[in-house]
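Reviewing the structure listed below.
Rule-based calculations on the coordinates, nothing more; no lab input. Only a predicted model underlies this, so the values are computations on that prediction, with no experimental measurement involved. Every residue, glycine as well, gets a Cβ built from its backbone with ideal geometry; the counts of neighbours run over all protein chains shown.
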Amino acid sequence: MKIDEIIRSNRKTFALEIKPGGRLVVRAPGKATAEQIQSVVESKSEWVNHTRARLAKHYPAQDPKTFKPGELFWYLGEQYPLRLTDSHRPPLELDGAFLLSKSAHNRAKEVFIEWYREETRAITQRLINQYAKQNRFKVGQVRITSARTRWGSCSSKNNLNFTYRLCMAPISIVEYVVLHELAHLRMRNHSKAFWASVAVLKPDYKKDKAWLKKNGFLLTLD
Ligand SMILES: [Zn+2]
């Protein structure tokens, strides 16, 4: 049985999770061998298949974007239809609809990614400047990545990374993800103390976390 992601930590037990879309994520003790992980998964294969089938009913498979006019694209929690225009510059603009230059249609996906990347960069940078000032965080560089499963991450050099898909989410979610990573600058784990520090920064973060878990898979071009 194929495993999509293995997350090792200092836990003592194994945990399997099926993500919307059917990805199998295994949380394993740090010292577990590949064989051990595989044999745990094989012993749970019935549960995996059953859970996938159940999820497929709740979360119909997402079709990858085809960039046909009228197709809907996310920005800050709202969906806007795609329209093709004769205008050349810029190749993509949001003005009640996503206006894509006809001359850029053959590279629509790259143009969208670039647009989302710049928006995510601008929004996260603005939030970081605001929070860093209020809370004296020392932030390194901000990088926008193409990560598919992680919304943000924090490097040992205090650089913060966010996926370009982040600006598809409602602003409250973007704020939560930024604050979550800022909180990691001081605590690089997900301990109770870490979550308490997130709660100080954003008291209603639990609803954002739950929203992301439930809806995050919708925010994609793939
Ligand atoms: Zn985290």
* Asked: For segment 172-181, how many residues meet the condition of being within 11 Å of the ligand (Cβ to nearest atom) and under 14 Å from ALA132 (Cβ atoms)?
  -> 2
* Residues within segment 142-171 that are touching a Gly at 6+ places or on another chain (Cβ under 8 Å) and polar (S, T, N, Q), tallied -> 5
* So which residues in segment 165-175 are part of a helix (DSSP H, G or I) and under 12 Å from the mean Cα position of the chain (by Cα), if there are any at all? -> ARG165, LEU166, CYS167, MET168, ILE173, VAL174
* To do: Hey, could you check segment 182-204 for residues that are away from the ligand (no atom under 12 Å from the Cβ) and assigned to a helix (DSSP H, G or I) and say which is surrounded by the most Cβ atoms within 10 Å (Cβ to Cβ)?
  => LEU201
* Structure fact -> Matching residues in segment 30-53 (surrounded by 10 or more Cβ atoms within 10 Å (Cβ to Cβ), farther than 18 Å from SER9 by Cα and of a type outside the set (A, V, I, L, M, F, W, C)) number 9
* Hey, SER103 surrounded by 13 or more Cβ atoms within 10 Å (Cβ to Cβ) and without any contact (Cβ under 8 Å) to a residue 60 or more places away in the chain or not -> yes
* **ARG148 under 16 Å from the mean Cα position of the chain (by Cα), within 23 Å of TYR80 (Cβ to Cβ) and part of a loop (DSSP other than H, G, I, E, B)** => yes
* Asked: Mind checking which residues of segment 125-162 are touching a residue at least 60 places away in the same chain (Cβ under 8 Å), away from the ligand (no atom under 16 Å from the Cβ) and surrounded by fewer than 14 Cβ atoms within 10 Å (Cβ to Cβ)?
  -> ARG148
